[in-house]
Amino acid sequence: MLQAPLPTALPPLRILVVDDQASTREVLSAQLQFAGHAVEEADSAESALQAFQRHRPDLVLLDVEMPGHDGYWVASQMRAAEAGGWTPIIFLSSLDQDHCLWQAIESGGDDYLVKPVSSTVLQAKLRAMQRLRRTQSRLIELSDELRLANEQLTRLSHEDALTGLPNRRSFDARLQQEILAAQREQQPLTLVLCDIDFFKGYNDSLGHVAGDACLQRVGSLLQGICRRPRDYPARYGGEEFALILPLTPRSGAMTFARAVLRTLALTAMPHPSSSVAPHLTLSGGITTCIPDQDTAVEGLIRRADDALYAAKSRGRNCFFSFEMQMDTREQRSASRTAADFQASGRAPLSGFGDLLSPAPPSVNGQK
Ligand SMILES: Nc1nc2c(ncn2[C@@H]2O[C@H](COP(=O)(O)OP(=O)(O)OP(=O)(O)O)[C@@H](O)[C@H]2O)c(=O)[nH]1
């Protein structure tokens, strides 16, 4: 008879007892249950496999000689049914020959006990299995923790921790993809770099905590303005944000810039140390092109950055684009009307000049 469980806390096992002899199953089950384990019984190879699938036991005690398929066959089927998993199988047999033990291990068994098995030997084996089970559970937990940590690491390596937007590394990779897509589809691609005006002064007057909150707010405002599924706002670094606007021509880029200026004016976040407005403002550089073989990430960013510098040096709180400036020059020199430009398939830009600045507010404050 098995003794009652020892004080050291080892998890009880779910044990599948497979034996065609009802009396053997009964005695064994009673002993196992007395020792604190949960028991399922099966009286044939087929019912053993069904119970194995249904109950997912921690341990199988398996008879060798059964009518129909024998225990070796059952063990090999169980091993095949849990690819990557491992449920210990102990054979209990009255056959006491080396080749039987050999065949048991070869078919997938982990141990082989000759019946009648002394209760001490069986209890010792079960305790060893309980320890293995505990180690196995801990390994599974550890591997889950590792998987979660890896997922978090991957997310953090692509995301800006402060704003939750994609970081510069993700942005560069995405821009490369969008350049290739626009080149293949021969569609316009717009890149916008935005920089908060006088942000150093903002931090100095309101503190870094407020500065961080401001960056978060601006990030979510920009995200809100991006309405198309492929628009991609990112934090490019410090107080600079970058946006990829695929399938967006110059006219669309201007609409976007106008929406940014209007949103910031309406949001009216106080900026005590700005000399351009009482509220927080952005300057932006825009570049739009249909990429060709020579278009590269670095070139586009340099061009948007130069445009941003131009916007800053032209007074801030505005957007600038070299391409739009060229358009307006062409428009002026050719004295063409907006209708001519629409007819040529290009956006009428003369109304906006070289710079897109906020329009004066109307009576009700809307533009
Ligand atoms: N609070 C906070 N400040 C930041 C962060 N990243 C960059 N900054 C600050 O942003 C400021 C940027 O200052 P500058 O590059 O001189 O530019 P600016 O004051 O915005 O002036 P202009 O761009 O010329 O309008 C610096 O004071 C940085 O410390 C951040 O994550 N949090």
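The values are calculated or read from the model by the stated rules, or taken from the named source; none is laboratory data. Only a predicted model underlies this, so the values are computations on that prediction, with no experimental measurement involved. Here Cβ is always computed from backbone atoms with ideal geometry, including for glycine, and neighbour counts include all displayed protein chains.
Among the residues of segment 258-272, those that are surrounded by fewer than 19 Cβ atoms within 10 Å (Cβ to Cβ) and part of a helix (DSSP H, G or I) comprise Arg258, Ala259, Arg262, Thr263, Leu266, Thr267.
Of the listed requirements (1) surrounded by fewer than 16 Cβ atoms within 10 Å (Cβ to Cβ); (2) touching a residue at least 24 places away in the same chain (Cβ under 8 Å); (3) under 18 Å from Phe319 (Cα atoms), Gly237 misses just one: (3). Taking every residue in segment 269-283 that is at negative phi and pairing it with any residue that is of a type in the set (Val, Ile, Thr) and surrounded by 20 or more Cβ atoms within 10 Å (Cβ to Cβ), at least 6 positions away or on another chain, the pairs with Cβ-Cβ distances below 7 Å are Ser274/Thr281; Leu280/Ile196; Leu282/Ile196; Leu282/Val260. The residues listed here are Leu245, Leu175; of these, the one that is modelled with pLDDT of 95 or more, assigned to a helix (DSSP H, G or I) and either away from the ligand (no atom under 16 Å from the Cβ) or surrounded by fewer than 18 Cβ atoms within 10 Å (Cβ to Cβ) (or both) is Leu175. Of the residues Thr281, Thr255, Thr295, the single one that is within 10 Å of the ligand (Cβ to nearest atom) and farther than 19 Å from Gly164 by Cβ is Thr281.
Taken together, Glu141, Glu145, Glu151, Glu159 contain a single residue that is within 16 Å of the ligand (Cβ to nearest atom) and either assigned by TED's automatic domain parsing to the domain that holds Ser94 or without any contact (Cβ under 8 Å) to a residue 40 or more places away in the chain (or both), which is Glu159. Across segment 221-234, a minimum of one residue is classified as away from the ligand (no atom under 12 Å from the Cβ), part of a helix (DSSP H, G or I), out of contact with any strand residue (DSSP E or B) (no Cβ under 7 Å at 6 or more places or on another chain) and in contact (Cβ under 8 Å) with a residue 40 or more places away in the chain. Being part of a loop (DSSP other than H, G, I, E, B), of a type outside the set (Val, Ile, Thr) and buried (at least 21 other Cβ atoms within 10 Å of the Cβ) is a property that Pro11 lacks.
Tell me which residues, restricted to segment 182-215, are away from the ligand (no atom under 16 Å from the Cβ) and either surrounded by 15 or more Cβ atoms within 10 Å (Cβ to Cβ) or over 30 Å from Pro291 (Cα atoms) (or both).
Residues satisfying the conditions are Ala182, Gln183, Gln187, Pro188, Leu189, Thr190, Leu191.
Report, by residue number, each residue of segment 14-34 that is touching a Ser or Thr at 6+ places or on another chain (Cβ under 9 Å) and assigned to a loop (DSSP other than H, G, I, E, B). Passing the criteria: only Asp20.
Can you give me the number of residues within segment 191-220 that are acidic (Asp, Glu) and either more than 25 Å from Pro270 (Cβ to Cβ) or assigned to a helix (DSSP H, G or I) (or both)?
Summing the residues that are acidic (Asp, Glu) and either more than 25 Å from Pro270 (Cβ to Cβ) or assigned to a helix (DSSP H, G or I) (or both) in segment 191-220 gives 2.
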